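Report on the following structure.
The values are calculated or read from the model by the stated rules, or taken from the named source; none is laboratory data. Note that this is a predicted model, so its numbers are computed, not measured. Here Cβ is always computed from backbone atoms with ideal geometry, including for glycine, and neighbour counts include all displayed protein chains.
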Amino acid sequence: MIYIPNSLTGLSIMNDDFTFFRKKALPVLCGVCLSMAGTFVTFTAQAKVTIVYTSNQPDILFEKSNAHFPQLSTLIKTLKAKKEGSTLFLHGGDSFSPSAMSLFDNANNIIALANMMDVSLFAVGKRELTYDVDILSLRAQDAQFPIVTSNVLDNRTHEIIEGLFSIYEFEVENTRISVASIINPRVLVTYAPQYAEIEDMDTVFKKIAKAQKNVDLKILMTDLEQDASIAIAKEQNFDLILVAIDGPDKLITQGDTQIVLGGGQDGDTVIIEFDNDSEKKLNTRIESLDKYFADPKILSFIEQYQARLGRLYDEKIAVAKSDFTTQKHIIRTRETALANVFTDALRAKANTEIAILNSGSIRNSATYLKGYKFTRGDIQREFPFGGHHVSIEIYGSEIFQMMENALSRIEFEDGRFLNVSGMSITYDSSAPAGERVRSINIAKQPLNKTRLYSMAIPDFYLKGGDNFDMLGNKVAISNAFNKPRSWHVVADYFFQQKNISAPKLNRMVDLANK
């Protein structure tokens with residue numbers, strides 16, 4: 001039995017001190033048997049703890065055929081009903097974007113659904129910084145569960161973000177389970193949050209090791225990639241590393257560490273069974289959600305949100321006169337027709353000589369066949385981050401640097417790959433990064449490196465996002481956009497055009513494929 005003051009549940013570790021997880025109401029932590037008698041919480045002693053893990057679930061209005069939230073809810077309820085131990089639902093985060101609803105409510109829908117599904121703990125991934133630190137702090141106040149990050153600080157205070165926890169500890173089944181969470185430092189480049197800073201990793205791991213010294217199960221949650229997670233398993237003393245991904249789930253054993261790569265709205269989840277008394281403490285499996293029926297309460301919740309957007313999003317605005325695709329592996333590695341149309345729309349609105357659109361902002365990964373009728377919802381799903389464009393002036397020499405950066409990670413399908421309007425580039429993707437651009441023409445004339453050009457760019461590039469440092473010191477020169485969302489600009493362009501045909505593909509020519 002653990003003494004806990006009124007209205008407090010769980011133990012956390014913040015800045016090397018024990019503090020309590022404070023909530024207005026007492027949440028039931030996913031299968032942990034809690035009974036409130038005055039000011040005490042009792043945990044029923046049983047043999048096993050089952051952990052359900054998922055991540056990368058940004059779209060509660062998910063329309064594809066894969067099983068997702070409603071079926072996951074039924075799985076969790078099924079595990080709890082067995083009463084063969086306690087169940088923890090650990091959410092790996094990376095879910096505040098991209099989605100239509102989160103664009104409107106700053107990810108409040110994600111936390112509301114997580115509350116309904118009795119999430120036990122939510123780790124901060126890169127997408128939790130889409131709306132910057134203050135929105136993340138607000139969402140933490142809405143949550144009936146701890147939100148954890150061990151290496152993200154508020155750069156105004158150099159302290160943990162208000163309302164979050166650096167490490168969280170559960171005591172379940174007479175077992176101490178400690179959860180830490182680290183985010184990929186590249187978030188500062190890819191999402192450019194204004195008020196976030198990343199603490200030095202060596203310092204962070206020392207703090208985690210100290211906090212987890214005497215616990216029974218040491219867990220790290222992260223959005224780092226597979227190779228980095230394996231390296232951590234080799235160097236650190238974690239029992240379980242949970243990696244947020246958007247793709248096929250995978251289980252890897254590295255020494256005494258079990259690595260789980262799980263996430264994405266792809267119809268499955270990961271179950272980890274922990275038994276401190278058995279020789280093999282951890283047993284993991286990938287569980288298909290197709291076998292579980294959809295929880296009607298979750299369906300009703302989703303339908304209520306769907307109704308809020310339906311009238312606007314269902315309006316048909318244009319017809320495809322060609323086949324189009326926005327598949328991720330295509331748009332991040334080469335020129336594509338629909339991305340060209342999007343960028344043309346932005347340049348037309350800005351009335352600039354040039355416009356650019358980063359492929360990472362295009363997200364629906366869809367195919368539109370000839371004859372397809374585009375809706376406003378289609379365009380919003382392609383631009384779920386809700387950014388806007390600004391007009392700047394830029395020297396030709398800076399444009400050259402910009403395009404080298406745009407092509408520098410093409411082999412990694414990086415979102416910095418640019419779609420362009422008003423200019424054309426020849427390049428060699430087989431050349432070393434930084435030496436790939438061969439020529440640039442603007443309005444069919446060779447680039448003049450000493451001349452100023454007008455250009456429309458994504459607003460977050462004014463912060464130097466995606467390593468576009470040459471854009472980071474620019475000042476907007478025009479109020480042509482008046483800050484309408486980029487997706488609104490594109491949707492209005494489609495509505496005006498009515499028929500959308502594929503432009504000729506000659507703006508980004510890769511000599512390596514000739």
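Within segment 267-298, being of a type in the set (Gly, Ala, Ser) and within 30 Å of residue 215 (Cα to Cα) holds for one residue alone: 278. Determine whether segment 244-259 contains at least one residue that is of a type in the set (Ser, Thr, Tyr), touching a residue at least 60 places away in the same chain (Cβ under 8 Å) and not assigned by TED's automatic domain parsing to the domain that holds residue 501. Scanning segment 244-259, I find no residue that is of a type in the set (Ser, Thr, Tyr), touching a residue at least 60 places away in the same chain (Cβ under 8 Å) and not assigned by TED's automatic domain parsing to the domain that holds residue 501, so the answer is no.
For segment 262-308, residues that are surrounded by 18 or more Cβ atoms within 10 Å (Cβ to Cβ), more than 30 Å from residue 377 (Cβ to Cβ) and within 22 Å of the chain's Cα centre (by Cα) total 2. Against the conditions (1) modelled with pLDDT of 95 or more; (2) under 28 Å from residue 487 (Cβ atoms); (3) acidic (Asp, Glu), residue 303 satisfies every one except (1). Pairs linking a residue in segment 467-480 that is at pLDDT 90 or above and small (Gly, Ala, Ser) to a residue that is crowded, with 19+ Cβ neighbours inside 10 Å and not in a loop (DSSP other than H, G, I, E, B), with Cβ atoms under 6 Å and 6 or more positions apart or on different chains, do not occur.
With respect to being modelled with pLDDT of 90 or more and either assigned by TED's automatic domain parsing to the domain that holds residue 348 or under 14 Å from residue 345 (Cβ atoms) (or both), residue 459 falls outside the description. Being in a loop (DSSP other than H, G, I, E, B), surrounded by fewer than 24 Cβ atoms within 10 Å (Cβ to Cβ), without any contact (Cβ under 8 Å) to a residue 60 or more places away in the chain and not assigned by TED's automatic domain parsing to the domain that holds residue 382 holds for only one residue in 97, 65, and it is 65.
Can you tell me how many residues in segment 309-344 are over 24 Å from the mean Cα position of the chain (by Cα), part of a helix (DSSP H, G or I) and closer than 26 Å to residue 409 by Cα? Total satisfying the criteria: 4.
Residues in segment 407-422: is at least one on the phi < 0 side of the Ramachandran plot, over 27 Å from the mean Cα position of the chain (by Cα) and surrounded by 17 or more Cβ atoms within 10 Å (Cβ to Cβ)? Scanning segment 407-422, I find at least one residue that is on the phi < 0 side of the Ramachandran plot, over 27 Å from the mean Cα position of the chain (by Cα) and surrounded by 17 or more Cβ atoms within 10 Å (Cβ to Cβ), so the answer is yes.
Matching residues to (1) part of a loop (DSSP other than H, G, I, E, B); (2) buried (at least 22 other Cβ atoms within 10 Å of the Cβ); (3) out of contact with any helix residue (DSSP H, G or I) (no Cβ under 7 Å at 6 or more places or on another chain):
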residue	(1), (2), (3)
176	no, no, yes
179	no, yes, yes
188	no, no, yes
193	yes, yes, no
197	no, no, yes
203	no, no, yes
207	no, no, yes
210	no, no, yes
213	yes, no, yes
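Taking each residue of segment 378-401 that is in the same structural domain as residue 469 (by TED's automatic domain parsing) and at positive phi and looking for partners that are assigned to a helix (DSSP H, G or I) and surrounded by fewer than 23 Cβ atoms within 10 Å (Cβ to Cβ) with beta-carbon atoms closer than 6 Å, six or more apart or interchain, yields 386/103.
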